[in-house]
Amino acid sequence: MPSGIIIKGIGGFYYVRKDDEIYECKARGIFRKDEITPLPGDMVSFTIIDEDDKKGTIDKIHERQSQLIRPAVANVNQVIVVISIKSPAPDLLLLDKLLVMAEHQNIDAIVCINKIDLASDKEYSEIFEAYSKAGYKVILSSTKTGEGLDQLKESLNKRISVLAGQSGVGKSTILNKIINSQVMKTGNISDKIERGKHTTRHAELVRVETDGYLVDTPGFSSLGIVNITYDKLALYYRDFDNYTDKCRFTHCSHINEPQCGVKEAVNEGLIDKGRYMRYISLYSTLKQQKQY
Ligand SMILES: Nc1nc2c(ncn2[C@@H]2O[C@H](COP(=O)(O)OP(=O)(O)O)[C@@H](O)[C@H]2O)c(=O)[nH]1
Ligand SMILES: [Mg+2]
Ligand SMILES: [Zn+2]
């Protein structure tokens, strides 16, 4: 039985990609009974009913490696958090929240600083340094000059990646630039089918030539805030990891405790001060939420 990947689902139909073909499939009743809804990103086994018309039915959903709630996509293994250096101004707290969510769900994260055509090196080097130091790959990009787009494309290799971040930072433009540059270069039919303006109403896996898939998210995206309690928050800061063994207390919150390795590292400039300050702010917010 052939297997493929669902690239989108609309009105009860699922579009399953196998090699370079796309089959329009219905799901078998069995899924509805089990209350499993096929999602974009799902690997499935399916039966081809009509090879000429490219129609089929989905028989089996393979086990999921991950599942995002908003957007509802299965098997995402990388998130590209996009901020813009200007218009809108970077929302670093949202960036940190999205990175925390990614760490929590065991999804790799890349930081993309877009619209660098609007600013000088000096204006973005600080953010670049801060997140590189925190252990993230940081890509500087501009859809106006094309800078960084090849580097972004290469990062999509053999992965299902999702674009996340504040509205207006350029996520959809980045996606469209990546697709259009492909269509111009290859001009083959399956790329043409997938080309065009991508609306972000339905989550859709867009095939990129570096053998990966990219999913846009509409506007502001929280990736679905999941349950992280304040006392666990520090676990999702990879930049703290190297210093927590110097904390005197096992359950150190790295805020008010004496002899804290994290605070020392902040003072020595080993951990970015801004990241740490936003950690405290997020910690307080989560703590209040818990107490109501
Ligand atoms: N100057 C500049 N503008 C950009 C860049 N990328 C996107 N934009 C513009 O930013 C606006 C919002 O882009 P959009 O892709 O809709 O953002 P989204 O909400 O994150 O999907 C549009 O007017 C784009 O033309 C860039 O690299 N430089
Ligand atoms: Mg958009
Ligand atoms: Zn500590």
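The values are calculated or read from the model by the stated rules, or taken from the named source; none is laboratory data. Quantities reported herein were computed from a predicted structural model and do not represent experimental measurements. Glycine also receives a Cβ, built like all others from the backbone with ideal geometry; neighbour counts cover every protein chain displayed. Side chains included, ligands, DNA and RNA excluded: accessible areas come from the protein's heavy atoms. Shrake-Rupley method; radii C 1.70, N 1.55, O 1.52, S 1.80 Å.
Take the residues in the stretch 59-95 that are basic (Lys, Arg) and closer than 23 Å to residue 173 by Cα, then tell me which one is least open to solvent (accessible area, probe 1.4 Å). Ranking the qualifying residues of the stretch 59-95, first place goes to 86. Within the stretch 271-283, being without any contact (Cβ under 8 Å) to a residue 40 or more places away in the chain and open to solvent by 40 Å² or more (accessible area, probe 1.4 Å) holds for 273, 277, 280. Which of the residues that make up the stretch 244-260 are modelled with pLDDT of 95 or more and open to solvent by 40 Å² or more (accessible area, probe 1.4 Å)? Answer for the stretch 244-260, where residues must be modelled with pLDDT of 95 or more and open to solvent by 40 Å² or more (accessible area, probe 1.4 Å): 244, 245, 246, 248, 249, 256, 258, 259. Checking each residue in the stretch 224-260 for being in a loop (DSSP other than H, G, I, E, B), of a type in the set (Asp, Glu) and under 30 Å from the mean Cα position of the chain (by Cα) picks out 239, 241.
Under the condition of being touching a residue at least 24 places away in the same chain (Cβ under 8 Å) and more than 25 Å from residue 66 (Cβ to Cβ), the residues counted in the stretch 130-169 number 13.
In the stretch 154-172, how many are within 16 Å of ligand 2 (Cβ to nearest atom) and part of a loop (DSSP other than H, G, I, E, B)?
Going through the stretch 154-172 one residue at a time, the tally reaches 6.
Identify, please: which residue in the stretch 107-128 is among the charged types (D, E, K, R) and without any contact (Cβ under 8 Å) to a residue 12 or more places away in the chain and is, among those, surrounded by the most Cβ atoms within 10 Å (Cβ to Cβ)? Explain how you work it out, then say what you get.
First, pick out the residues of the stretch 107-128 that are among the charged types (D, E, K, R): 108, 115, 117, 121-123, 126.
Imposing the further condition that a residue be without any contact (Cβ under 8 Å) to a residue 12 or more places away in the chain reduces the set to 121-122, 126.
Values: 121: 9, 122: 7, 126: 11.
That would be 126.
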